[in-house]
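Peer 1: Pasting a structure here, questions to come.
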Amino acid sequence: TNNGNGSYTYKNEKGVDVVIDVPGSVSNQFEQIIQNPTVREVLNQYLTSNSGNVSFGENGLTYTDASGATQSLDL
């Protein structure tokens, strides 16, 4: 069951409620997670990417909406 706060509760084989705290687990195991080569590669690709859907121009901003159409905001 989703508890709505990043944790989940399930009944184990003995019928006992067990809470899995995802944010807490990530926080407690961050060093181990960040040392994983696959995680590092994904983060490096994300952090070094210059792509996005918002551009600043001489007259304002343009962005690509969910349908793929370019929208303009005059400043």
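Peer 1: Which of the peptides 62-69, 4-11 is most tightly packed, and how do the rest follow, going by the mean number of other Cβ atoms within 10 Å of each residue?
Peer 2: In descending order of packing, they fall as 4-11, 62-69.
Peer 1: Just name one of Tyr8, Leu75, Asn44: the one whose Cα is farthest towards the positive end of the charge dipole of the chain (beta-carbon charges, Lys/Arg +1, Asp/Glu -1).
Peer 2: Selected residue: Tyr8.
Peer 1: Given the DSSP H assignment, sum -39500 (n - 2.57) over each helix run of at least 4 residues in the chain and divide by its residue total; what's the result at 222 nm in deg cm²/dmol, nearest 500? Please report the intermediate quantities before stating the final value.
Peer 2: Numbers: 3 runs with 24 residues, N = 75.
Rounded to the nearest 500, it is -8500 deg cm²/dmol.
Peer 1: Would you kindly calculate the mean projected area, averaged across all directions, of the convex hull enclosing the Cα atoms of the chain, in square nanometres? Kindly include the intermediate steps, with their values, before the conclusion.
Peer 2: Working: hull surface 37.1 nm².
Value for the chain: 9.3 nm².
Peer 1: Under a point-charge model restricted to the Cβ atoms of Lys and Arg (+1) and Asp and Glu (-1), what is the dipole moment magnitude of the chain relative to its Cα centre, in debye to the nearest 20?
Peer 2: Its charge dipole is roughly 280 debye.
Peer 1: Nearest 10 degrees is fine. How inclined is helix 37-48 to the longest principal axis of the chain, computing both from alpha carbons?
Peer 2: 20
Taken together, the values in this text are just the output of simple stated rules run on the coordinates, not laboratory data. Bear in mind the structure is a predicted one, so any value in this text is a computation, not a measurement. Here the Cβ is made from the backbone with ideal geometry for all residues, glycine too, and neighbour counts use every protein chain on show.
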